[in-house]
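Peer 1: Handing you this structure, nothing more for now.
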Protein chains: 2
Amino acid sequence: MEEKTSVTIHDIARKLRVSASTVSRALNDNPRISKATKEKIKALALKLGYQPNTIASNLRTQKTHTIGIVVPLINRHFFSTFISGVEDVAFEAGYNVIISQSKDLLLKEKQIVNSMFSNRVDGLITSLSMQTNDFDHFKMFTNKNIPLIFFDRIAPQLEANKIIVDDFACGYSATQHLIDKGYQRIAHLAGPTVLNTYHDRMEGYKSALKKNHLPAEDDLIICNRLTRMDGQEAIKQLLALKNPPDAVFCGNDTSALSMIVYLKSQGIRIPEDFGIVGFSNEPFSEVVTPSISTLKQPAQEMGRKAAELIINEIENKALPRTYQTITMPTELIIRESSSRKKA
Amino acid sequence: MEEKTSVTIHDIARKLRVSASTVSRALNDNPRISKATKEKIKALALKLGYQPNTIASNLRTQKTHTIGIVVPLINRHFFSTFISGVEDVAFEAGYNVIISQSKDLLLKEKQIVNSMFSNRVDGLITSLSMQTNDFDHFKMFTNKNIPLIFFDRIAPQLEANKIIVDDFACGYSATQHLIDKGYQRIAHLAGPTVLNTYHDRMEGYKSALKKNHLPAEDDLIICNRLTRMDGQEAIKQLLALKNPPDAVFCGNDTSALSMIVYLKSQGIRIPEDFGIVGFSNEPFSEVVTPSISTLKQPAQEMGRKAAELIINEIENKALPRTYQTITMPTELIIRESSSRKKA
DNA sequence: CTGAAAGCGCTAACAT
DNA sequence: ATGTTAGCGCTTTCAG
């Protein structure tokens, strides 16, 4: 019972009086092996419960068939759905997926990226932490020509493939939508604007205001980390202004939700008195009361696309490399939180 | 620029005119190496941008410092939060985590488990697919004495550590709670009862009815896969009974939510006319209207516990093995969907 | 169609 | 305190 040591190709070779190379080739369906011996070998392998040692193969071939993913938080719906998309495609193509979360800490991100490299992933897919302001830890990938894809939160200065949505357009359309609904003073709650996503959403917001000849007042823009607490703090702060806003475009749905909860508790009616638009279409946004207008990112599709792209890169390493930035379509989902009859 | 080949310990050894073993030992802080040479070696390693080849080390040491996780779906809140817990502890202990999703398909689960084995994970943590009815694919782990932990959806017949919640008690207390609130005819929507979780919840439900001298009618129990569609189908079916129920205990929050949506659309008031209790405390359950009473499983904690347990097993393999089943505490969270004034 | 031999990069007895 | 040697299990020239 206690099989101390695993069965290897050598065990099979010995029993069948062939060489290990023959066994290896047979199991890999190498055409140079006769059908007869192939069958013999495969049969015995099955009988002995042989399981190939991927580690050994990896070492020899310098390929791990493994894709690394580094995200800020695994259990955020956008990221877990993205990962699910990657995993789907990767599995189909015979790749494994190894995952870590940076917890939005630059230090942990660095450690993880290092570890991914040491584990010799064939490619790395990543979305940056909120703290990431230098990119040296990715150099080992670019230097060694190991495929690297950024998604959502990207490093603009690095040469790599990128998968994003048009955050500027999102910010613009969210804001324009609120304007169209007749809201007059529109505030914005942003995340850390070192990140392209939050930066671009804010620029879109500003641009829509400008286009509509509305002033972009500094008071109306707040930056924080967009947690539930942050959302509550922000709305309190905004309501305390001597000239408070009547609508907010939030950098994510979580903060939008906490604003709604607070506004309701204050007896402020949504959308009649106050309009809200969030971002990223969390599962709760559809079912909360009032339901939250938001921008939907195609998370699963982005993951699939990232996987396809990186696998293609991995398997055509010889080809001259061209880096693309793929912009995926988003959708403004209009729900109750912004749907008042135009004033 | 094009560093064709990576820098290895041999490169460092050659330049420093020492042996590769010395380099290896130095980098691993082996006490047998003098402080002076250690520093020399580490400095050069840094300068050359040396990154250890984990694959080679893994092959040699027969340890991968990798924990495999197989769950039905990565982007389900319970699972992604569990994974996050595992990853936290694993990272601290110097372990990597590799993840796959079975998509609730037995065939895919088998493939994945095989692949995890071939990748020589040091241990495997898994929650079974809805289809899993044989367990042969786990034998290679038990046979070779590779730590294996089941959580949530477990294989009762296998010798392994198990991390669960007391689903029976959950079903019981959910049902008792509805009875306490004065609901008279309580239905149950269950998942596939081949799985311990759904089976036990149903038994708890039945037991509570029996204890309160309420009949457990077959008509009032429906089994399906608990999707949103399934929830809607189920509530329609229940309402169509000649003697319909006035409350339902649902096997998950998703189906509970879809019932609520349907009941509202029919003008049936919750909780006044109809009571609902769900399961697993999805993020939306707290914020939907009415908010959903549910049972909270400590997903993150379960993940942490699983990681601690498996790492302990991995690092004390020599010790005689004893298998434990750890039951984690749950919490009945009473919210609006079941909080009517007692009739 | 098959075998022999070398080696991926690292570690760990066993020397000295 | 350091070096020598062998080998983890597999793949892949190169030979035949």
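Laboratory data are not the source of any read-out in this text; all were calculated from the coordinates shown. In this text, all values refer to a predicted model and were calculated from it rather than measured experimentally. Positions of Cβ are backbone-derived with ideal geometry, glycine not excepted, and every protein chain shown enters the neighbour counts.
Peer 1: Could you tell me the center-to-center distance, by alpha carbons, between the range B:1-76 and the range A:88-151 in angstrom?
Peer 2: Here the answer is 19 Å between Cα centres.
Peer 1: Between helix B:299-315 and chain B, what is the angle of the helix's C-alpha long axis to the longest principal axis, kept within 0 to 90° and rounded to the nearest 10?
Peer 2: 40
Peer 1: Where the centre of each part is set by its Cα atoms, how far does the range A:270-301 sit from the range B:213-245, in angstrom?
Peer 2: Using only Cα atoms, the two centres lie 31 Å from each other.
Peer 1: Right, next: Taking the Cα centre of the protein assembly as shown as origin, sum charge times position over the Cβ atoms of Lys and Arg (+1) and Asp and Glu (-1), and report the length of that vector in debye to the nearest 20.
Peer 2: Magnitude of the dipole: close to 2200 debye.
Peer 1: With both partners inside chain A, how many of the DSSP beta bridges are antiparallel, as a percent to the nearest 5?
Peer 2: Within chain A, antiparallel bridges account for around 10 percent of the total.
Peer 1: Under the rule of at least 5 residues apart or a separate chain, name every residue whose amide H is placed under 5 Å from the amide H of residue A:223.
Peer 2: A:190
Peer 1: Starting at the first residue of the range A:25-31, write each ³J(HN,Hα) from the Karplus equation 6.51 cos²θ - 1.76 cosθ + 1.60 with θ = phi - 60°, in whole Hz, x for Gly and Pro.
Peer 2: After applying 6.51 cos²θ - 1.76 cosθ + 1.60, I find 5, 4, 5, 9, 6, 5, x Hz.
Peer 1: Ranked from highest to lowest mean number of other Cβ atoms within 10 Å per residue, what is the order of the peptides B:261-272, A:320-331?
Peer 2: Order by mean packing, descending: B:261-272, A:320-331.
Peer 1: If you don't mind, there's one more thing I want to ask. For the range B:34-47, just list the computed ³J(HN,Hα) in residue order, Karplus coefficients 6.51, -1.76 and 1.60, θ = phi - 60°, integers in Hz, with x standing in for Gly and Pro.
Peer 2: In residue order, the calculated couplings are 5, 4, 4, 5, 3, 5, 4, 5, 5, 4, 5, 4, 4, 4 Hz.
Peer 1: Treat every Asp and Glu Cβ in the range A:9-52 as -1 and every Lys and Arg Cβ as +1, leave all other atoms uncharged, and give the resulting dipole magnitude about the Cα centre to the nearest 20 debye.
Peer 2: Computed about the Cα centre, the dipole is about 160 debye.
Peer 1: So who's got an amide H within less than 5 Å of the one on residue A:250, skipping anything under 5 residues away but keeping other chains? H placed 1.01 Å off N, in plane.
Peer 2: Hits under the 5 Å cutoff: A:189, A:277, A:278.
Peer 1: Now for a separate question. Using amide H atoms built in the peptide plane, which far-off residues or other-chain residues are under 5 Å from residue A:328 H to H?
Peer 2: Here A:164, A:165, A:166 satisfy the definition.
Peer 1: How much net charge surrounds residue A:38 when only other residues with a Cβ under 10 Å from its Cβ are counted (Lys, Arg +1; Asp, Glu -1)?
Peer 2: Within the 10 Å Cβ shell, the charges total +2.
Peer 1: Using +1 on the beta carbon of Lys and Arg, -1 on that of Asp and Glu, and nothing else charged, what's the dipole of the range A:3-111 about the Cα centre, debye to 20?
Peer 2: Using only the charged Cβ atoms, the result is roughly 720 debye.
Peer 1: Also, quick follow-up: Report the net charge of residues surrounding residue B:294, where surrounding means a beta-carbon distance below 14 angstrom and charges are Lys +1, Arg +1, Asp -1, Glu -1.
Peer 2: -3
Peer 1: Structure shown: which of A:305/B:305; B:63/B:162; B:63/B:305 lie over 31 Å apart, alpha-carbon to alpha-carbon?
Peer 2: Over 31 Å Cα-Cα: A:305/B:305.
Peer 1: Something else now. Please compute the modelled spin-label separation between residue A:228 and residue A:301, points set 7 Å along Cα→Cβ, answer in nm with one decimal.
Peer 2: 3.1
Peer 1: Continuing with the same structure: What number comes out for the charge environment of residue B:155, summing +1 per Lys or Arg and -1 per Asp or Glu over other residues with Cβ under 12 Å away?
Peer 2: Here the count lands on -2.
Peer 1: May I pose another question? Treat the range A:9-52 as a sphere of radius equal to its Kirkwood radius over Cα pairs and apply Stokes-Einstein at 4 °C in a medium of 1.567 mPa s; give the translational diffusion coefficient in µm²/s, rounded to a whole number.
Peer 2: 130
Peer 1: Positive end of the dipole of the range B:9-52, charges at C-beta (+1 Lys, Arg; -1 Asp, Glu), about the Cα centre: which of B:50, B:20, B:34 has its Cα farthest in that direction?
Peer 2: About the Cα centre, the residue reaching furthest to the positive side is B:34.
Peer 1: Let me ask something else. What's the angle, to the nearest 10 degrees (0 to 90), between helix A:253-265's Cα axis and the longest principal axis of chain A?
Peer 2: 40
Peer 1: Report, in degrees rounded to the nearest 10, the 0 to 90 angle that the Cα long axis of helix A:167-180 makes with the longest principal axis of chain A.
Peer 2: Approximately 30 degrees, to the nearest 10.
Peer 1: Something else about it: Measuring label to label, 7 Å along Cα→Cβ, what does residue B:319 give against each other copy in nm, shortest first?
Peer 2: The answer, with the shortest distance listed first, is 5.3 nm.
Peer 1: Could you point to the residue in A:145, A:178, B:311 farthest towards the positive end of the protein assembly as shown's charge dipole, with +1 and -1 charges on the Cβ of Lys/Arg and Asp/Glu respectively?
Peer 2: Ranked along the dipole, the leading option is A:145.
Peer 1: Also, I was wondering about something else. For the charge dipole of chain B, defined by +1 on Lys and Arg C-beta atoms and -1 on Asp and Glu C-beta atoms about the Cα centroid, which residue among B:255, B:295, B:125 has the Cα displaced farthest towards the positive pole?
Peer 2: Going by the charge dipole, the pick is B:125.
Peer 1: Ok, one more. Picking from A:313, A:233, A:217, which is most flexible by a Gaussian network model of chain A using Cα springs under 10 Å?
Peer 2: A:217
Peer 1: Within 10 Å of each Cβ of B:281-290, how many other protein chain Cβ atoms are there on average?
Peer 2: Other-chain Cβ atoms within 10 Å of each residue's Cβ, averaged: 5.
Peer 1: If you average the sequence gap of Cα pairs under 8 Å that are 6 or more apart and divide by the length of chain A, what percent do you get for the contact order?
Peer 2: 17
Peer 1: Choose one answer from B:180, B:88, B:122: the residue with the largest mean-square fluctuation in a GNM of chain B with alpha-carbon springs under 10 Å.
Peer 2: Looking only at B:180, B:88, B:122, the largest GNM fluctuation is found for B:180.
Peer 1: Do any of B:181/B:236; A:42/B:144; A:144/B:47; A:317/B:108; B:15/B:40; A:38/B:144 go past 18 Å between their Cα atoms, and which?
Peer 2: B:181/B:236; A:42/B:144; A:317/B:108; A:38/B:144
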